[in-house]
Amino acid sequence: MRLTGLHLLITYRCTYACDHCFVWGSPDLQETMTVEQLGIAIDQAAELGTVDMVYFEGGEPTLAYPILLEAAARVRSHGLEVGLVTNCFWATSPEDAELWLRPFAALGISDLSLSSYPYSGEKGLPPIRLRNALQAARRLRLPGEVLRVGAG
């Protein structure tokens with residue numbers, strides 16, 4: 001078996017505490033990987049020579065925004081692709097969403113996965129934030145896709 005991708009959970013901290021969350025993320029959890037820890041994992045993945053994609057997830061990885069950007073830049077410096085999974089809490093307006101995403105567009109990330117759960121709508125995530133994030137991603141020519149989870 002070859003390792004071709006790496007998924008790093010930068011933090012378990014999240015803006016929500018959804019019942020369906022498989023990592024049990026919540027606002028109460030504060031632990032976050034350090035730049036040093038991420039750097040070691042990224043460098044080791046690059047040294048393998050088989051990894052071509054590194055995803056950043058959480059919790060909500062953008063809650064550690066400066067650390068996330070530094071780690072994403074390190075991945076790109078190795079010539080590897082970057083993916084990001086986010087719940088779009090930061091997309092309060094189209095302009096704000098573009099501001100948050102612009103550094104990722106400059107890095108040339110390969111995948112932006114935006115969470116859209118019917119469950120989280122009751123718990124706080126306004127659907128307009130997902131629309132704001134998608135509009136910004138399109139304006140910045142980022143490959144943004146919506147992750148949809150249904151109730152069966």
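The values are calculated or read from the model by the stated rules, or taken from the named source; none is laboratory data. On a predicted model such as this, the values are computed, not experimentally measured, just so you know. Positions of Cβ are generated from backbone atoms using ideal geometry, with glycine treated the same way; all protein chains shown enter the neighbour counts. These area figures cover heavy atoms from the full protein model, side chains too; ligands, DNA and RNA do not enter into them. Shrake-Rupley method; radii C 1.70, N 1.55, O 1.52, S 1.80 Å.
A few notes on this one:
- Label point distance in nm, Ile128-Thr50, each placed 7 Å from Cα along Cα→Cβ: 4.8 nm
- Remark on the chain: ratio of C-alpha radius of gyration to 2.2 N^0.38 Å is 1.02.
- Surface share of carbon and sulfur [accessible, 1.4 angstrom probe, percent] for the chain: 55 percent
- In this structure the chain gives 53 Å² per residue of accessible area when probed at 1.4 Å with all protein chains present.
- Built amide H within the under 5 Å cut-off of Met53, gap 5+: Leu6, Glu81
- Computed from the C-beta positions of Thr92 and Gln37 and an R0 of 41 Å, the FRET efficiency is 0.85 to the nearest 0.05.
- Per residue, the chain reaches -12500 deg cm²/dmol at 222 nm when only DSSP H runs of four or more residues are counted, each adding -39500 (n - 2.57).
- Separation of the Val146 and Ala105 label points, Cα + 7 Å toward Cβ, nm: 2.0 nm
- Rounded to 5, the percent of DSSP beta bridges in the chain classed as antiparallel: 5 percent
- Under DSSP loop assignment and at most 16 Cβ neighbours within 10 Å, longest trypsin sites (Lys or Arg not before Pro)-free interval of the chain: 3-140
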